[in-house]
1. Do any GluC sites (Glu not before Pro) in the stretch 1-110 lie in a loop, going by DSSP, with at most 12 other beta-carbon atoms within 10 Å of their beta carbon, and if so which?
2. So if I take the centroid of the Cα atoms in the stretch 83-136 and the same for the stretch 164-236, what is the distance between those two points in Å?
3. Going by alpha carbons, how many degrees (0 to 90, nearest 10) lie between the helix axis of 18-29 and the longest principal axis of the chain?
4. For the stretch 185-290, which trypsin sites (Lys or Arg not before Pro) are both in a DSSP coil and crowded by at most 16 other Cβ atoms within 10 Å?
5. Using every alpha carbon pair in the stretch 1-128, what percent of pairs falls into each 10 Å bin from 0 up to the bin containing the largest distance?
6. Using the Cα centre of the stretch 7-289 as origin and beta-carbon charges of +1 (Lys, Arg) and -1 (Asp, Glu), tell me which of T111, N33, C173 is placed farthest towards the positive end of the dipole.
7. Between A235 and E260, what is the label-to-label distance in nm when each label sits 7 Å out along the Cα-to-Cβ direction?
8. What are the extents of the Cα atoms of the stretch 124-249 along their three principal axes, in Å, largest first?
Amino acid sequence: MSMGFDACGFAAAVAVDDEAVARYDRWIDQGRNGCMQWAAGHRDLRRDPALLLEGARTVISLAMNYYPVTCQPPGALRVAYYAYGRDYHEVLREKMTRLAHFIEEITHCTTRPCVDSAPIRERYWAQRAGLGFIGRNNCLILPGKGSYYFLGEIVTTAQLPPDEPCTLSCGDCGKCVAACPTGALGDEGAADCRRCLSCLLIENHDEELPEWARDVMGDRVVGCDECQLACPHNAHAAATQIEDFALTEAVKNLSRDRIEAMTSGEFKRTFAHSAISRLRFKTLRRNAKI
Ligand code: SF4
Ligand code: SF4
């Protein structure tokens, strides 16, 4: 059975290690999650996958490439690659639900697929399951493949043989730190979301963005890829085979005029199956105006 995942690994569903918990708690306690308020909730569930599924024994970690075949033409308002095509939540959920059913059929165990739908430390589990390492740009880097990958997890009561965790690291490279236009990446090892354009453009719904952000955002309206574009691990990224992630016409030709002329109903229709629907209409308009 082929579903288009590019990597898969298993990790024993034990509690998250103390160091990783402390790192996360420090990030929240310092307020570095910024407008991502949801990240501060459910800390207990984030620490233990067995709280997400009773009797959990394994976390199956999955990755799917979204690096686009074709990019937006010059002049279009910039959208991060992850939002070029169909909403990855829909795509991954469909594929992972099929896979979860298959696992249940052959193991007679229970499963819980998670695609941003449960408080689970997805990069932590991907590293534990041997898929890759967490880079200074906060993305999971798959050795030899790069970081343009969506992640998903299936927590299951099936006992599956764990893979070796990935022990690679960024070494002394700091290209993403230097490339970040806002200084959101520091030595702490986790982005300061209060300064990250990706967070501000997508999750901050204030009427106005801070002046310093307006000064550097350029023509970006959805997300920011700078710290991934700068990463040497992405220098030879292969394009995705998943047609659902291909650049749509609506994103390809996104312009200030188009957004200004759009009604809220048109926004909903145009981006109904796009990750852009997760921005509010007023947030997209605010971003386009700047
Ligand atoms: S997404 Fe952009 S603003 Fe955020 S850390 Fe990366 S380069 Fe910096
Ligand atoms: S640019 Fe360098 S430091 Fe940043 S994530 Fe990639 S390898 Fe790590």
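Every number in this text was worked out from the coordinates using simple rules, so none of it is lab data. Owing to the predicted nature of the structure, the values given are computational and were not obtained by experimental measurement. Glycine gets a Cβ as well: all are built from the backbone with ideal geometry, and neighbour counts include every protein chain shown.
1. In loop regions of the stretch 1-110 (DSSP not H, G, I, E or B), the sparsely surrounded GluC sites (Glu not before Pro) are E54.
2. When both Cα centres are located, 24 Å separates them.
3. With rounding to tens, the tilt is 30 degrees.
4. R280
5. Binned Cα distances yield the sequence 10, 34, 33, 18, 4, 0.
6. N33
7. It is 4.2 nm.
8. Answer, in whole Å and largest first: 51, 39, 32 Å.
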